Every structure is written in C-alpha cells, then in structure tokens.
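What follows is a set of notes on a single structure, which appears directly below.
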Amino acid sequence: MAILHVVKYGDPILRQKLKPVDFDSLKPRLPQLLQDMEETCLAVRGVGLAANQIGLDLRMALILIPESDKKNAPLKRVVIINPEIVDKRGEIVEEEGCLSMPGLWVEVPRATDVTIRFLDETGQERKVRARGLLAKAFQHEMDHLDGHLFIDHADPALKPAIKKELKKLRTGWD
Ligand code: CO
C-alpha cells in the first residue's frame, strides 16, 4: 500500500495522449496499482485520478464517487480503462478543480449526460450512461487521457487570470 505523488501542472506527462492499455499484460499489477491509486485519491480527497497524474502512460483512470445522494454515503470505485465517449447530451457550467492544480477552481462547461464504453477493472467491456457528478468525472478523467486539462475549457477571457493564479499557487505545491 502506498500513497503516490500526484504530478502537478507543468509536468509534460499531463499534456501527453496516453497509450491504450493492453489489459492482459497489465492484469498482474492492476490490483496493487488500483489500490495505490485509490489510497492516493482518498488521501487528497479527490474524485478521480488519471494514470498520467501518477506518472504512468496508460489510458486508465479511477473515480471515487458516493454510492448514493445520502449524506456520508460510502464511496464506490469506478475504474475506466481505454474509455470512449459514445454519446453526450446537454450542457452545464460548473466549478471544477483538479488534483494536479490544487487550489484552483474554475467554471467550465460540460455535458450533463454522457455514455461511455470502457473496460472495467476485471477486463469486462461496459457501457455506462451517467449524469451529475459521475458524468462530470468521466469527462474530466477522459480529458486527462488525451493530455487535456479542465482549464482548457474555460472561457478564453479568464485565461490570463487563471495563468496568474496558477503561477501563485505553484509555489505552494510539492
Ligand atoms: Co484532474
């Protein structure tokens, strides 16, 4: 078990389009990797963590999301491997943050409803339609796998302010 270092904004791996996972060759190390990713995500109170955020060139991400709307609902782990968007609907603009840019919160537009296809942690192909926080997490994590960051979706008029804020925040990151 280990809490891993989360790669921060400015590291080139966050701008890399990640390689598809060959499930069978990853399988032996997958349980340990997922456990480490889950612990890391919990330790920094994140909703999701993509592989490049821990320095790995793999198209996969882990999401930790409450099982229900109830207060203090237990977290459910959703692992998406080689995900693809099948369908996207609606638009909502909401504040988002990222473990690779701690302290920065910016409003970005997202689809309200997404359907994605992926391999789950057992290697089974799944198709899931999501709304709410899970839909947002799918889009945020899938961006990471293509080397995109949530701030790329921000209003261009906000970009100079975001840049300035990042410059200030960076001095406090590990
Ligand atoms: Co992120």
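Coordinate-derived values only; no laboratory data. These numbers were taken from a predicted model, which means no experiment stands behind them. Here the Cβ is made from the backbone with ideal geometry for all residues, glycine too, and neighbour counts use every protein chain on show.
What to note about this one:
- Which listed pairs, of Lys76/Lys127; Lys17/Lys159; Lys8/Lys168, have C-alpha distances above 21 Å, in listed order: Lys17/Lys159
- Rh by Kirkwood over Cα pairs, then Stokes-Einstein D for region 60-174 at 0.890 mPa s and 25 °C, µm²/s: 159
- Within-13-Å neighbourhood charge of Ala43 [Cβ basis; K, R +1; D, E -1]: -3
- Dipole-positive endmost among Phe150, Ala130, Ala61 within region 12-170 (Cβ charges, Cα centre): Phe150
- Over 17 Å [Cα-Cα, region 109-149], rounded percent: 34
- Ellipticity estimate at 222 nm from DSSP helix runs (n ≥ 4, -39,500 (n - 2.57)) divided over the chain, nearest 500: -7500 deg cm²/dmol
- Around the Cα centre of region 12-170, unit charges on the Cβ atoms of Lys, Arg, Asp and Glu (plus for the first two, minus for the last two) sum to a dipole of about 260 debye.
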